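S.K.: Can you read through this structure? Questions will come right after.
The values are calculated or read from the model by the stated rules, or taken from the named source; none is laboratory data. Every value quoted in this text rests on a predicted model; they were computed, and no experiment measured them. Counting neighbours? That spans all protein chains shown, and the Cβs are built from the backbone with ideal geometry, glycine included.
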Amino acid sequence: MVRSFEYDAACESPFELVEVEPRGTALPENLRERVLIFTVHDGNWLPPHLIRNADGMPRVEPTSFHDRYVAERDWGANLVASSIASALGLRGYARCNVARVLLDFNRFPGSTQPGNRDPLERLAINDPFSSILDHQEKMEVLGIYDRISDLFERHWLSGNLLMLGVHTYDARNKSQTIRPDLSLVTCSATYLRESRMPYGVFDPMYPDVLAESTCSRVLRDRISLDLERARFRVLHNHPYALPEGSVEVRAQVWYFFDYLRRRYTEACPETRDCPAHALVWSMLLNTNLRIHDAETLRGHLHRFRRLPDGEADRYRAAQLAYDRVHAFLDSSTVLNDYRRSRERPSCMAMEVRKDLLCDLDPRTGHPGPLTAANRERARVIGDVIARAIKTYFDQDRAIG
């Protein structure tokens, strides 16, 4: 009998801290609040009114929708994230509760165009919702995206030294070759392919060299080495790298511009309360591309778009402020200081094979109920990664 998976119809928060029982105190207290373990694709909340019409009839064929929900979800990611957080002695891990089939927070906001088959090029709203939702409903869904962004920035972005996003992936590639047990993903897809950041996504003031890796290579290699010693097979940036809309890439851009803002404001304190500079920082830190004024300034600066009537003076002042910030970056040691700083945050995505964490039905590929063996495998993976992170902070951090 095919197992059926129920969706949550109610949700207090689309993104929340899930408390765990610490299994140890792997990290000293001063570091525990500076490490964030999170998941974005293992949620199961779907608002009922987006799935069914007012008369209760489904808006999309139930069987195909159910299969899509199952296929899109990162089964076991929450289990591994909980295990790592517990082994590190953290209060918990951050979890997105929204089902990925409705909203993918790991992509840029928007609705994917019909016919797109590249998972790395998708936007936050995908098939079937990209086809069945009207404009107002898509605005409602992206309002959830904005709530998650606000929660992330308010509670979990500032002050981190490490952000580790936990995902799970299928056992086989499309070619049917076996994927590694785990993959550590630390490079943007465009940089891996073209050795530069894509033009027109983030502000071009963001230095391409920072896209070489979103994470300390020493930390990545420490985790990889310890996993291999524990008999797990590990590769890097395989079978895919990070889409530019991923939390890991967006956060890296945010962290750099936040650092630049602090250094610039220290050197030019008279700009602290300047409206023109405030608009520039809003644009540079708008890595989710959701703020109207920020996007208007970006379009004026880099696409030479005409300004709204009566706004020329305001955006002209922001243009001058932008040029001043750019000149400061070019003439200062900010870039090198940031690249070599022990305070530069690391952002890593980790993929774990689903079949290591779930007993999958050989016919449908659907996961079965969690077993003691599944939980033990997640515990072992969490323990190994936690020890590697502790070793990095204790011994390796001075290297890079």
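S.K.: Looking at segment 221-230, can you tell me whether even one residue there is under 20 Å from the mean Cα position of the chain (by Cα), touching a residue at least 40 places away in the same chain (Cβ under 8 Å) and in the same structural domain as A77 (by TED's automatic domain parsing)?
M.R.: yes
S.K.: In segment 106-113, is there at least one residue being modelled with pLDDT of 95 or more, hydrophobic (A, V, I, L, M, F, W, C) and either in contact with a Pro (Cβ under 8 Å, 6 or more places away or on another chain) or buried (at least 22 other Cβ atoms within 10 Å of the Cβ) (or both)?
M.R.: Checked against the condition, which is being modelled with pLDDT of 95 or more, hydrophobic (A, V, I, L, M, F, W, C) and either in contact with a Pro (Cβ under 8 Å, 6 or more places away or on another chain) or buried (at least 22 other Cβ atoms within 10 Å of the Cβ) (or both), segment 106-113 yields no hits at all.
S.K.: Being surrounded by 15 or more Cβ atoms within 10 Å (Cβ to Cβ) and closer than 22 Å to A251 by Cα is true for just one of A99, A87, A26. Which residue is that?
M.R.: Working: A87 fails: closer than 22 Å to A251 by Cα; A26 fails: closer than 22 Å to A251 by Cα.
Of the residues listed, the single one that is surrounded by 15 or more Cβ atoms within 10 Å (Cβ to Cβ) and closer than 22 Å to A251 by Cα is A99.
S.K.: Quick one: in segment 115-142, which of the residues that are closer than 26 Å to Y191 by Cα and surrounded by fewer than 19 Cβ atoms within 10 Å (Cβ to Cβ) is modelled with the lowest pLDDT?
M.R.: Once the filter is applied, the top-ranked residue is R117.
S.K.: Residue under question is E244, and the condition is that it be outside any helix (DSSP H, G or I), in the same structural domain as L182 (by TED's automatic domain parsing) and in contact (Cβ under 8 Å) with a residue 60 or more places away in the chain; does it hold?
M.R.: yes
S.K.: Pick from segment 150-172 the residues that are among the hydroxyl-bearing types (S, T, Y) and at pLDDT 95 or above: which of them is nearest to L31 (Cα to Cα)?
M.R.: T168
S.K.: Continuing with the same structure: Given segment 288-362, what helices (runs of 4 or more DSSP H) lie entirely inside it while holding 1 or more residues that are closer than 24 Å to Y145 by Cβ and among the β-branched types (V, I, T)?
M.R.: Numbers: elements: 292-302, 312-331, 334-340, 354-357.
Because the criterion is at least 1 residues that are closer than 24 Å to Y145 by Cβ and among the β-branched types (V, I, T), the helices (runs of 4 or more DSSP H) in segment 288-362 that meet it are 292-302.
S.K.: Could you please let me know if Y69 is over 16 Å from S246 (Cα atoms) and within 16 Å of the chain's Cα centre (by Cα)? If you could, list the steps in order and put the result at the bottom.
M.R.: Values: over 16 Å from S246 (Cα atoms): yes; within 16 Å of the chain's Cα centre (by Cα): no.
The answer is no for Y69.
S.K.: Starting from segment 54-73, take each residue that is more than 17 Å from L133 (Cβ to Cβ) and list its partners that are assigned to a strand (DSSP E or B), counting only C-beta distances under 9 angstrom and pairs at least six apart or across chains.
M.R.: Close Cβ pairs (under 9 Å, with a partner that is assigned to a strand (DSSP E or B)) amount to V70/P367; R73/T168; R73/P367.
S.K.: Kindly provide the set of residues from segment 85-100 that are assigned to a strand (DSSP E or B) and among the hydrophobic types (A, V, I, L, M, F, W, C), ordered by number. Let's see the steps before the verdict.
M.R.: Residues of segment 85-100 assigned to a strand (DSSP E or B): 92-96, 98.
Answer for segment 85-100, where residues must be assigned to a strand (DSSP E or B) and among the hydrophobic types (A, V, I, L, M, F, W, C): A94, C96, V98.
S.K.: Exactly one condition in (1) of a type in the set (G, A, S); (2) outside the structural domain of Y199 (by TED's automatic domain parsing); (3) within 29 Å of the chain's Cα centre (by Cα) is not met by S332; state its number.
M.R.: (3)
S.K.: Same structure, new question: Can you confirm whether N126 is out of contact with any His (no Cβ under 6 Å at 6 or more places or on another chain), touching a residue at least 24 places away in the same chain (Cβ under 8 Å) and over 30 Å from A54 (Cα atoms)?
M.R.: Values: out of contact with any His (no Cβ under 6 Å at 6 or more places or on another chain): yes; touching a residue at least 24 places away in the same chain (Cβ under 8 Å): yes; over 30 Å from A54 (Cα atoms): no.
Answer is no for this residue.
S.K.: Scan segment 177-232 for residues that are in contact with a strand residue (DSSP E or B) (Cβ under 9 Å, 6 or more places away or on another chain), loosely packed, with under 14 Cβ neighbours inside 10 Å and not β-branched (V, I, T) and jot them down.
M.R.: Passing the criteria: only L225.
S.K.: If R339 satisfies every condition in (1) basic (K, R); (2) without any contact (Cβ under 8 Å) to a residue 40 or more places away in the chain; (3) over 30 Å from L79 (Cα atoms) but one, which is the exception?
M.R.: Evaluating R339 over (1) basic (K, R); (2) without any contact (Cβ under 8 Å) to a residue 40 or more places away in the chain; (3) over 30 Å from L79 (Cα atoms) leaves (2) as the failure.
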